[in-house]
Amino acid sequence: MHNVIVSTDIAKGKISRHIYGHFAEHLGRCIYEGIWVGEDSPIPNTKGIRNDVLEALKRIKVPVLRWPGGCFADEYHWKDGVGPRENRKRMVNTHWGGVVENNHFGTHEFMLLCDLLECEPYICGNVGSGTVQEMSEWVEYMTSGGESPMANWRKENGREEPWKLKYFGVGNENWGCGGNMRPEYYADLYRRYQTYVRNYGDNKIYKIAGGANVDDYNWTEVLMKNAGWLMDGLSLHYYTIPGDFWLGKGSALDFEEGEWFITMKKALHIDELITKHSTIMDKYDPEKRVGMIIDEWGTWFDVEPGTNPGFLYQQNTIRDALVAGVHFNIFHKHADRVHMTNIAQTVNVLQAMILTEGEKMILTPTYHVFDMFKVHQDAELLAVDGSIGTYEMGGETLPQVTVSASKDAEGKVHVSLVNIDHQNEAVVSLELRGLQSGTPQVSGTILTADRLNAHNTFEQPNVVAPAAFNGAAVEGGKLNVKLPAMSVVTLAIQ
Ligand code: AHR
């Protein structure tokens, strides 16, 4: 039995809804086919954007969407993607599969997608191979309302009013695909490029500097020291890879319990990374004004056999669902510094929410976790304390259960629990301190499976699907929760 105290009267700050953000790159079948099918497609669409994907994404309340990359961002020249589609430049997506990019999905199409999803756009600009002028003009094109060359061009292209754009990234992975720079050099470039990312009218840009890879603490140190006061956010990228990035990441479907354990261990590692990068940020920014923006995270496995290695298409199992749940419980804990995260990537790439095959679409186990956890968006984080047991393999131990809790605007408390143990249930005794009413009303949802690689397919789309949870009972003033092996549960308590 694990004893956990949830203090429903101790609020620790807001869990930004942007923690539940997404990332969609011009990579493989994410944008093309996954989101954009074109107006003439037989797949039902709204001005070219497929309706089934749109509806599914609306259900999980996508708060913010990052685009166009990723590595693609530092090769993207936005002017190629505006104006009449038939005239748009065709280019080669050199980074991802060497396929032809026809630029049919550009700024106007992305902004339409965000409008339809009612989410904030987060645009990543090109530092690696683009000019200061090009970046500056992109912001002008999107946000300038008055008379100006770019505003006039936007109007000619059919959009009279400027768009609202808050989040703008100044480059991506500039230590790698975004230019192979040293942090000192990038910090100087950041200072220069961001100067010309202007605020037009009442549009105020939240500027995000390209941050560290995994545990490159020196990158964070140099950026904060040399440019901290010129940024609103600093990014961090961390992928959960059970194997080795270059030698073999491991299969999404064909894995044993040892790989399950390593995957969970690596997912939990994000806690240490956030803590250590935050400590450096605290040194330069003790008020925590600068947000940590974890704008790429999730599982990264070998591509599905027979698929284009440059397309990063992988299946998604109950293991991915647990990885997502573990991340969210950790992100909540660090909500004072973590202002936004963006899972990679929305459709058909890496740890996707949705997989498509022509006109068919399925929801992944990860999608269901986003659905279950959406109750925490913009809710008040509650203090959680107590013991969470151990999950042991080969002499190594991990915490068996992760927990987080929040209170929404209506006063409803939500508790999310993840049992990462692949074979043992966990019984958690929750003491709910500070609840006003007598016996609480409890309902819940569970996502679990009976085998390690349970997943949804186009033939069987509901193998892993949420169900009503009836493993919680009030006994002796406590809420006893029985979590089956490998499960994610969200409880609603009133
Ligand atoms: O998400 C896939 C790729 O991973 C992104 O393009 C890049 O930023 C990262 O290395």
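A few points about this structure:
- Percentage relative contact order, the chain, counting C-alpha pairs under 8 Å, at least six apart: 19 percent
- Nearest-ten-degree value, helix 318-333 long axis tilted from longest Cα axis of the chain: 90 degrees
- Degrees, to the nearest 10: 257-284 long Cα axis against longest axis of the chain: 60 degrees
- Less than 5 angstrom separates the built amide H of S487 from those of N419, all sequence-distant by 5 or more or on a different chain.
- About the Cα centre, charge dipole magnitude for the chain (Lys/Arg +1, Asp/Glu -1 at Cβ), debye: 980 debye
- Gyration tensor verdict on segment 152-253 (Cα atoms; rounded if a/c is under 1.5, prolate if a/b is larger than b/c, oblate otherwise): oblate
- With respect to the chain, whose longest principal axis is taken over its alpha-carbon atoms, helix 217-227 is tilted by about 50°.
- Span from the segment 289-307 Cα centroid across to the segment 182-260 one, whole angstrom: 12 Å
- Classification of segment 350-494 by its C-alpha gyration tensor yields an oblate form. The axis ratio a/c (a ≥ b ≥ c) is 1.5 or more, and b/c is at least a/b.
- Protection proxy ranking, peptides 224-231, 289-296, average beta carbon neighbours within 10 Å, highest first: 289-296, 224-231
- Per residue, the average separation of C-alpha pairs within less than 8 Å and at least 6 apart gives segment 4-108 a relative contact order of 23 percent.
- Relative exposure of H339, H77, judged by other C-beta atoms within 10 Å (fewest first): H77, H339
- For the chain, the mean residue ellipticity at 222 nm estimated from helices alone is -7500 deg cm²/dmol, where every DSSP H run of n ≥ 4 contributes -39500 (n - 2.57) and the total is divided by all residues, rounded to the nearest 500.
- For chymotrypsin sites (Phe, Trp or Tyr not before Pro), no site in segment 18-107 is both called loop by DSSP and has at most 12 other Cβ atoms within 10 Å.
- For F23, residues with placed amide H under 5 Å, excluding near neighbours: R66, I343, T346
- Paramagnetic label zone (point 7 Å from Cα along Cα-to-C-beta, K412; backbone N under 15 Å) in segment 351-372: 371-372
- Reducing segment 27-95 and segment 421-494 to their Cα centroids gives an inter-centroid distance of 36 Å.
- Of all DSSP beta bridges in the chain, antiparallel share, percent nearest 5: 60 percent
- 3J(HN,Hα) couplings calculated from phi for segment 413-422 with the Karplus curve 6.51 cos²θ - 1.76 cosθ + 1.60 (θ = phi - 60°) are, in sequence order, 9, 10, 10, 10, 10, 10, 9, 7, 5, 7 Hz; Gly and Pro show x.
- Across segment 293-308, computed HN-Hα scalar couplings (Karplus, 6.51 cos²θ - 1.76 cosθ + 1.60, θ = phi - 60°) run 10, 8, 8, 8, 8, x, 7, 9, 10, 5, 5, 4, x, x, 9, 4 Hz from first to last residue, x flagging Gly and Pro.
- Length-normalised contact order of segment 275-356 in % [C-alpha pairs under 8 Å, at least 6 apart]: 37 percent
Just so you know, all these numbers are worked out from the coordinates, no wet-lab data involved. Quick caveat: nothing in here was measured; it's all calculated off a predicted structure. Every residue, glycine as well, gets a Cβ built from its backbone with ideal geometry; the counts of neighbours run over all protein chains shown.
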